[in-house]
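Below is one structure, written out as structure tokens; the observations come after it.
The values are calculated or read from the model by the stated rules, or taken from the named source; none is laboratory data. These figures come from a predicted structure and were not determined experimentally. When we count neighbours, we look across all protein chains shown, and the Cβ atoms used for this are built from the backbone with ideal geometry, even at glycine.
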């Protein structure tokens, strides 16, 4: 079924206290998606962030980001006062997140609410802890120890804690019991509020597209709790780390630094950890975009300690063996494969065998060859088209920086010769919507015709990423009208065909989520 949606991270939603969260503004955005005829809302990973503030470098692949908890629920419960929230310094701009302020004041208020919280009378809390024990207890203990040791990476912890010696873990668990409970508190309210928002969104006829990074962070509860899953030596130090080789965009390549998987061990367990991870993801989202799909066929291994990615080598990944198991074991597995970049024949074969839709990015189509596979006339319908992703410039920023032949060709392609740049942005959106791709996802910045001041992430840079926020009222009724009209014109689920009852919506959501090859 042809459909369309919008890419907007939770952190970029307008809200009162410094960062987007599961507040009333998130519900209002869902209502706007309905008004605009959209059927999908794509977000970035929801995990707790650390150094660099990247959602792709999380302290846990299972936990949720406590920054996204709506503080107003604590005000309503009497655990905080509105004055306490308003007195905090949330930074100097409504358009950008100040993560230093988030770390200082969000956690200050969360601790204050926790100290006033009565866990024994919180409905659903014991059940939450019991249902999530397999990851929750390791995560909470890891965070409690990490904070107790001043935030240092777990590989620098005392040997007894680093290597998880039972007596040391028991002593830490008893000594840090209150701190461990604080992290259970955060995860309970994160999960509770996210479920409420997702249920609301689903009842409106909208599916959530989540994001599963292929790798976990080197400093995470995942690596500390299960080091055997990764390529570590006897001292639990990485042998090699992830990245990308040098190319036309980076002379020294990209050094991501994530630990690499010990795929032989994963295979020996029947890929048990991956089954757990994907089951967790399919409960959290309706569809998951698996990042760096190529890495399952071959992955680039860089010696640990290298300062660049120049000396890495390609190694063989699990290929379809992993996905055969996941398809068999994970109910309602619904995947978009991030297959961007240079693809080998074996990656293309793996994608075709999986049946997962791949990604097409219009910004990649105008590369001078005039025959790029990202040009819409090259598409197979089993794909998802984007004007750009969270790693790209905004489409307006990209057009403003485009020069020479490529600029001439893109204007020719979209019949936008002497038009203002905003007209060209809309023409590219129209091109994506008109394509044969089953699903079209447009970043909200492109609908708003924003420049690179609204860019989410510039890969291989630090300091200015993941910060942009939409301001309240920035999406006008005129913008929603144009979104709705493009959706109608190109058969991507016009409002007149939306289900009218909650029962019809639930049936359609279930039908959509259970399809493996359709998004």
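Key figures
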read-out	value
Failed condition for residue 479, given (1) in a loop (DSSP other than H, G, I, E, B); (2) buried (at least 16 other Cβ atoms within 10 Å of the Cβ)	(1)
Scan of the range 424-443 for residues that are more than 15 Å from residue 363 (Cα to Cα) and surrounded by fewer than 24 Cβ atoms within 10 Å (Cβ to Cβ), ordered by number	434, 436, 438
Breaking point among (1) farther than 17 Å from residue 154 by Cβ; (2) out of contact with any strand residue (DSSP E or B) (no Cβ under 7 Å at 6 or more places or on another chain); (3) without any contact (Cβ under 8 Å) to a residue 60 or more places away in the chain, for residue 226	(1)
Residue 115 vs. criteria surrounded by fewer than 12 Cβ atoms within 10 Å (Cβ to Cβ), over 28 Å from the mean Cα position of the chain (by Cα) and either assigned by TED's automatic domain parsing to the domain that holds residue 276 or farther than 25 Å from residue 51 by Cα (or both)	yes
Residue within the range 304-325 that is closer than 15 Å to residue 353 by Cα, in the same structural domain as residue 240 (by TED's automatic domain parsing) and touching a residue at least 60 places away in the same chain (Cβ under 8 Å) present	no
Selection status of residue 134, surrounded by fewer than 19 Cβ atoms within 10 Å (Cβ to Cβ), touching a residue at least 60 places away in the same chain (Cβ under 8 Å) and under 24 Å from the mean Cα position of the chain (by Cα)	yes
Residue among 456, 478, 444, 429 that is in contact with a helix residue (DSSP H, G or I) (Cβ under 7 Å, 6 or more places away or on another chain) and either modelled with pLDDT of 95 or more or closer than 23 Å to residue 375 by Cβ (or both)	429
Pairs with Cβ under 7 Å, 6+ apart, first in the range 367-384 and at negative phi, second assigned to a loop (DSSP other than H, G, I, E, B) and exposed (fewer than 13 other Cβ atoms within 10 Å of the Cβ)	382/517
Scope the range 281-304; condition within 18 Å of the chain's Cα centre (by Cα) and in a loop (DSSP other than H, G, I, E, B); matching residues	285, 286, 291, 292
Every residue from the range 114-125 that is touching a residue at least 40 places away in the same chain (Cβ under 8 Å) and part of a helix (DSSP H, G or I)	114, 119, 125
Residue among 343, 333 that alone is surrounded by fewer than 22 Cβ atoms within 10 Å (Cβ to Cβ), assigned to a loop (DSSP other than H, G, I, E, B), within 23 Å of the chain's Cα centre (by Cα) and at pLDDT below 95	343
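Residue-wise test of (1) closer than 24 Å to residue 390 by Cα; (2) out of contact with any helix residue (DSSP H, G or I) (no Cβ under 9 Å at 6 or more places or on another chain); (3) modelled with pLDDT under 95.
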| residue | (1), (2), (3) |
| --- | --- |
| 268 | no, yes, no |
| 273 | no, no, no |
| 276 | no, no, no |
| 279 | no, no, no |
| 284 | yes, no, no |
| 287 | yes, no, no |
| 290 | yes, no, no |
| 293 | yes, no, no |
| 302 | no, yes, no |
